[in-house]
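**Student:** Below: one structure in structure tokens.
Readers should treat all values here as calculations from the given coordinates under stated rules, not as data from a laboratory. Source: prediction; values computed, not measured. No Cβ is skipped: glycine too gets one built from the backbone with ideal geometry, and neighbour counts run over all protein chains shown.
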Amino acid sequence: MKADILIRGGRVIDPSTGLDTLADVAVHDGLVAAVGRLEDVFAKETIDADGMLVAPGFMDLHCHLREPGSADETIESGTQAAAAGGFTAVCAMPNTTPPVDSPAMVEYITLKARSEANVRVLPIGTITKNRQGLELAELALMAEKGAVAFSDDGSPVADGEMMRRALEYSKIVRRPIIEHCEDLTLTNGGEANEGPVTTWLGLNPIPRASEECMVARNLVLAIRTKGRLHLAHLSTGLSISLFNWAKGYGANISAEVTPHHLALTDELLAGFETYAKVNPPLRGEEDRAAVALAAKNGLVDAIATDHAPWSDEKKKKEFKAASNGISGLETAIAMSWTALVIGLGMEPSDFIARFTTGPARVLGCAPPSLSEGSVADITLIDPKTVRAVEPKDFASWGKNSPAGGMELSGWPRATIIAGRAAMLDGVVRRWRI
Amino acid sequence: MAGLPYDLLSMEDLDRLQIEAVMARAAFYKRKVFAEKARMDVLAGKTVSTLFFEPSTRTRCSFELAAKYLGAEVLNVEISTSSAAKGEGLKDTGLTLQMMGVDLFVIRHDVSGAANLFASYVEPPVINGGDGMHEHPTQALLDLMRMLELMGTVEGKRIAIIGDIAHSRVAKSDCICLGKMGASVVICAPPTLMPENPEVLGAEATYDMDKALDGADVVMMLRLQLERQRAGLFPSVREYHRLYGLTPEKLEKARPGAHVMHPAPMNRGVEISNPAADGSQSQINQQVTCGVAVRMALMDMMIGEGC
Ligand SMILES: [Zn+2]
């Protein structure tokens, strides 16, 4: 048989079918042509996957590509970062300038991505017009243009009635309302997680209740409206418990956690390290462990990067004035692998599920799959090689990673989209979807 | 002689030996300047710049006189944070002054971590003159100096620090400094003005002022920013004074002859009553003199000839 790419001898794991076996994967004409012990394949390109994991393409539910309106990242640079980081599809948050709050803006992102993106871009629209929390945006018309979800991420929907209406409306657009849960009256100008670190550094504290109170409110609204709610970046043990509690009421809910909340703690803020300043803030060890456990045992559906690139102009300044966010696309898989598979003994198939079937379930779309005839979106992971994080080598324009120098394993080795390599052995290949 | 770190940004930067060396040098300068009326030239030809992003005439004067008594040139720069573009103001000002030949910076800023950030930008040594809610190491050293003058040692002494602990850089630096010197520190505040994890300060924590005062050798009162009331952290000045203000009656609960201190400026009638502030046990004026001596010692040890 003929193949564009032959992936030879890897451990093929496909959570969508439960497959976990040593096999070759042949890719041709953008589709998975065959999986198994393949002989007599005439391949244009062969990838030696001995010792590698071969998985369906990883999806990121939550990243900030910053376009339009920012000099900190573009759709082009952000999706190159995604390819470098092993992601075949990313959901782009709409808190841009102007925000993606209309069908025309959704279309703009789609068109821009078609000409400049290196991976699939799934646009998210805002919940409210101009992200102001005052009037609903045109959710159904944005959905028609391809918006996969709705979120005012970066700002919470403060008004309870507005949130209730959004959840009601989600039932006809059949897309999740993704909520950044934060009670700004409790955050009250806070800069970091309330605890020993804020006391020691003299930083304004953000109490954990700032997230948890809003998580509780939104879960109650989801229970009462039967709307479709997805909770972004849960970061405390109590938030996870509340989420689990609401499932008991049959709520139509899902949740994600980030690699940094499951792997890192606020101790990284020592010396006023603004690269570790993020919202929700890095928490203490107890919360980190709870978040990691929820990711491991599947209590939460997905791991999402919350990739938030910033130039040093916005980061290297007084802690109080520095922007929140971590450039995370290129460390997400390794940081999570190291914390969960190495640290907690998580099964590789469960790990892959958090980046494939999990996000697909959240979005209500067909899961990425390696079954024959599926679109050939594939992520290869090298589970062995230990390497230090080197932010200056990021494809992202944002070098703002607090993980610089950390020794991680589980690095992405190749990103294949529709049968073509967008990244191979760390080298991002320029191509158009 | 124990050398000092390149910058003094936090009391964490100094170990006990270094603190003792600063105390010895400060005692020497206090005698020279205030008893013998001597003026020195150990910093002749050097320029010290005080850079105040948060106004404080008292602290600026103390640093300025300390530098002048040692023969240095002094350049005072006051910048209102509202006019300074965040971040860039700090960096540009620092680099400009550095290129003009400043040998030592003193920085005061209303944002925590600003002194650390500033020190990362400029070449010359930096003394933190107070940054946000983070630290105020020279205040801790002058407080210690006065305590040593009065008691000879703080080893095993009980020091009560009472007031707005949560927002106080003085309390933090005092706790670190006194802890290193073997004192037993108790911090006292209402729950709304107590930090979340007071144990990291190495002190016993209580909400009960009587408990804090019990057996105290030194009672350190902290200034209460009145805007905390508007932020909902306490109901009224009247109630705060009743619960946490130092009066002669309250002072009787401390060890007889206990010393009363305050980093100043005081809110009289709020955290401290007039009789307590002006009584025979008050050390508040003497603290000011120690401030000049301690700052002289630090400047000499950081950029003087012998350093
Ligand atoms: Zn968010």
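**Student:** Of the residues that sit in the range A:111-136 and are among the polar types (S, T, N, Q) and touching a strand residue (DSSP E or B) at 6+ places or on another chain (Cβ under 9 Å), which one is farthest from the ligand (Cβ to nearest atom)? So that I can check it myself, show each step before the final result.
**Tutor:** Of all residues in the range A:111-136, those among the polar types (S, T, N, Q) come to A:115, A:118, A:126, A:128, A:130, A:132.
Restricting the remaining residues to those that are touching a strand residue (DSSP E or B) at 6+ places or on another chain (Cβ under 9 Å) gives A:118, A:126, A:128.
On the way: A:118: 24, A:126: 13, A:128: 15 Å.
The selected residue is A:118.
**Student:** Here's another thing I want to ask about it. Do you know which residues across the range B:191-221 are touching a Ser or Thr at 6+ places or on another chain (Cβ under 8 Å) and within 15 Å of residue B:251 (Cα to Cα)?
**Tutor:** Restricting attention to the range B:191-221, the residues satisfying the condition of being touching a Ser or Thr at 6+ places or on another chain (Cβ under 8 Å) are B:195-198, B:200-201, B:204, B:212.
Within the range B:191-221, just B:212 meets the criteria.
**Student:** Looking only at the range B:175-187, filter to residues that are farther than 21 Å from residue A:195 by Cβ and surrounded by 23 or more Cβ atoms within 10 Å (Cβ to Cβ); which one of those is nearest to the chain's Cα centre (by Cα)? First the steps, then the outcome.
**Tutor:** Our first condition is that a residue be farther than 21 Å from residue A:195 by Cβ; within the range B:175-187, this holds for B:177-178, B:180-184, B:186.
Now narrow it down to the ones that are surrounded by 23 or more Cβ atoms within 10 Å (Cβ to Cβ): B:177-178, B:183.
On the way: B:177: 11, B:178: 12, B:183: 17 Å.
Only one residue fits best here, namely B:177.
**Student:** If you don't mind, another one. Quickly run through the range A:193-203 and pick out the residues that are within 26 Å of the chain's Cα centre (by Cα) and away from the ligand (no atom under 16 Å from the Cβ). Give the steps one after another, and end with the answer.
**Tutor:** Keep residues of the range A:193-203 that are within 26 Å of the chain's Cα centre (by Cα), which gives A:193-194.
Result: A:194, single match.
**Student:** Filter the strands (runs of 3 or more DSSP E) completely within the range B:87-187 down to those with at least 1 residues that are within 14 Å of chain A (Cβ to nearest Cβ) and of a type in the set (Lys, Arg). Steps first, please.
**Tutor:** Values: elements: B:104-109, B:126-131, B:158-162.
The strands (runs of 3 or more DSSP E) meeting that bar are B:104-109.
**Student:** Quick check, is residue A:206 within 14 Å of chain B (Cβ to nearest Cβ) and either within 16 Å of the ligand (Cβ to nearest atom) or closer than 30 Å to residue A:112 by Cβ (or both)?
**Tutor:** yes
**Student:** Would you check if there is a residue in the range A:61-83 being part of a strand (DSSP E or B) and of a type in the set (Asp, Glu)? Lay out the reasoning, then the answer.
**Tutor:** The first filter runs over the range A:61-83 and keeps only residues part of a strand (DSSP E or B), leaving A:61-63.
Narrowing further to those that are of a type in the set (Asp, Glu): none.
Scanning the range A:61-83, I find no residue that is part of a strand (DSSP E or B) and of a type in the set (Asp, Glu), so the answer is no.
**Student:** Follow-up question, since we're still on this one. Run residue A:267 past the list (1) buried (at least 23 other Cβ atoms within 10 Å of the Cβ); (2) in a helix (DSSP H, G or I) and report the number of the one that doesn't hold.
**Tutor:** Unmet for residue A:267, out of (1) buried (at least 23 other Cβ atoms within 10 Å of the Cβ); (2) in a helix (DSSP H, G or I): (1).
**Student:** Kindly provide the set of residues from the range A:209-230 that are more than 14 Å from every other protein chain (Cβ to nearest Cβ), among the hydrophobic types (A, V, I, L, M, F, W, C) and either away from the ligand (no atom under 13 Å from the Cβ) or touching a Phe, Trp or Tyr at 6+ places or on another chain (Cβ under 6 Å) (or both), ordered by number. Full working, then the answer.
**Tutor:** Filtering the range A:209-230 down to residues more than 14 Å from every other protein chain (Cβ to nearest Cβ) leaves A:211-230.
Among the residues that remain, those that are also among the hydrophobic types (A, V, I, L, M, F, W, C) are: A:213-216, A:219-223, A:229.
Passing the criteria: A:213, A:216, A:219, A:220, A:221, A:222, A:223, A:229.
**Student:** Right, next: Pairs only if they're at least six apart or on different chains, beta carbon under 6 angstrom, first in the range A:311-338 and more than 9 Å from chain B (Cβ to nearest Cβ), second among the hydrophobic types (A, V, I, L, M, F, W, C) and part of a helix (DSSP H, G or I); list them, first residue then second.
**Tutor:** A:329/A:81; A:329/A:82; A:330/A:81; A:330/A:84; A:335/A:263
**Student:** So, residue A:354, is that one within 16 Å of the chain's Cα centre (by Cα), more than 14 Å from chain B (Cβ to nearest Cβ) and either surrounded by fewer than 24 Cβ atoms within 10 Å (Cβ to Cβ) or within 30 Å of residue B:91 (Cβ to Cβ) (or both) or not?
**Tutor:** Working: within 16 Å of the chain's Cα centre (by Cα): yes; more than 14 Å from chain B (Cβ to nearest Cβ): yes; either surrounded by fewer than 24 Cβ atoms within 10 Å (Cβ to Cβ) or within 30 Å of residue B:91 (Cβ to Cβ) (or both): no.
Answer is no for this residue.
**Student:** Working only within the range B:190-239, note down all residues that are away from every other protein chain (no Cβ under 14 Å), basic (Lys, Arg) and part of a helix (DSSP H, G or I).
**Tutor:** Once the filter is applied, which keeps residues that are away from every other protein chain (no Cβ under 14 Å), basic (Lys, Arg) and part of a helix (DSSP H, G or I), the range B:190-239 yields B:211, B:238.
**Student:** Here's something else I'd like to know. Taking residue A:236 and the conditions (1) more than 21 Å from residue A:337 (Cβ to Cβ); (2) in contact with a Lys or Arg (Cβ under 8 Å, 6 or more places away or on another chain); (3) more than 16 Å from the ligand (Cβ to nearest atom), which numbered condition does it fall short on, given that it satisfies the others?
**Tutor:** The failed condition is (3).
**Student:** So, one more: Among the residues of the range A:175-195, are any more than 28 Å from residue A:264 (Cβ to Cβ), in contact with a strand residue (DSSP E or B) (Cβ under 6 Å, 6 or more places away or on another chain) and among the basic types (Lys, Arg)?
**Tutor:** Scanning the range A:175-195 turns up at least one residue that is more than 28 Å from residue A:264 (Cβ to Cβ), in contact with a strand residue (DSSP E or B) (Cβ under 6 Å, 6 or more places away or on another chain) and among the basic types (Lys, Arg).
**Student:** Out of the residues in the range A:360-400 that are over 21 Å from residue A:59 (Cβ atoms) and touching a Pro at 6+ places or on another chain (Cβ under 7 Å), which is surrounded by the fewest Cβ atoms within 10 Å (Cβ to Cβ)?
**Tutor:** Of everything passing the filter in the range A:360-400, A:399 is surrounded by the fewest Cβ atoms within 10 Å (Cβ to Cβ).
**Student:** Let me ask something additional. In the range A:183-203, which residues are away from chain B (no Cβ under 14 Å) and either crowded, with 24+ Cβ neighbours inside 10 Å or in contact with a Cys (Cβ under 7 Å, 6 or more places away or on another chain) (or both)?
**Tutor:** A:183
**Student:** Go through (1) in contact with a Phe, Trp or Tyr (Cβ under 6 Å, 6 or more places away or on another chain); (2) within 16 Å of the ligand (Cβ to nearest atom) for residue A:139 and report which single condition fails.
**Tutor:** Tallying (1) in contact with a Phe, Trp or Tyr (Cβ under 6 Å, 6 or more places away or on another chain); (2) within 16 Å of the ligand (Cβ to nearest atom), residue A:139 fails exactly one: (2).
A quick yes/no check of all residues on (1) charged (D, E, K, R); (2) more than 18 Å from residue A:231 (Cβ to Cβ); (3) away from the ligand (no atom under 12 Å from the Cβ):
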{"site": "A:150", "(1), (2), (3)": "no, no, yes"}
{"site": "A:153", "(1), (2), (3)": "yes, no, no"}
{"site": "A:158", "(1), (2), (3)": "no, no, yes"}
{"site": "A:164", "(1), (2), (3)": "yes, no, yes"}
{"site": "A:167", "(1), (2), (3)": "no, no, yes"}
{"site": "A:172", "(1), (2), (3)": "no, yes, yes"}
{"site": "A:175", "(1), (2), (3)": "yes, no, yes"}
{"site": "A:180", "(1), (2), (3)": "no, no, no"}
{"site": "A:191", "(1), (2), (3)": "yes, yes, yes"}
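**Student:** Give just the number: which of (1) in a loop (DSSP other than H, G, I, E, B); (2) crowded, with 24+ Cβ neighbours inside 10 Å; (3) touching a His at 6+ places or on another chain (Cβ under 9 Å) does residue A:95 not satisfy?
**Tutor:** It is condition (2) that residue A:95 fails.
**Student:** On to the next question. Being without any contact (Cβ under 8 Å) to a residue 60 or more places away in the chain and either within 14 Å of residue A:223 (Cα to Cα) or polar (S, T, N, Q) (or both) is the filter here, so list the residues in the range A:170-197 that pass it.
**Tutor:** Correct list: A:170, A:171, A:177, A:185, A:187, A:188.
Residues checked against (1) over 23 Å from the mean Cα position of the chain (by Cα); (2) away from the ligand (no atom under 16 Å from the Cβ); (3) free of Cβ contacts under 8 Å to residues at least 12 places away in the same chain; (4) surrounded by fewer than 24 Cβ atoms within 10 Å (Cβ to Cβ):
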| site | (1), (2), (3), (4) |
| --- | --- |
| A:16 | no, yes, no, yes |
| A:37 | yes, yes, no, yes |
| A:64 | no, no, no, no |
| A:85 | no, yes, no, no |
| A:99 | no, no, no, yes |
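**Student:** Quick check on the range A:102-133: of everything there that is free of Cβ contacts under 8 Å to residues at least 40 places away in the same chain and charged (D, E, K, R), which residue is surrounded by the most Cβ atoms within 10 Å (Cβ to Cβ)?
**Tutor:** Among residues in the range A:102-133 that are free of Cβ contacts under 8 Å to residues at least 40 places away in the same chain and charged (D, E, K, R), the one surrounded by the most Cβ atoms within 10 Å (Cβ to Cβ) is A:131.
**Student:** Here is a follow-up. I'd like the full set of residues that are under 23 Å from residue A:351 (Cα atoms), within 14 Å of another protein chain (Cβ to nearest Cβ) and within 16 Å of the ligand (Cβ to nearest atom), limited to the range A:249-303.
**Tutor:** A:283
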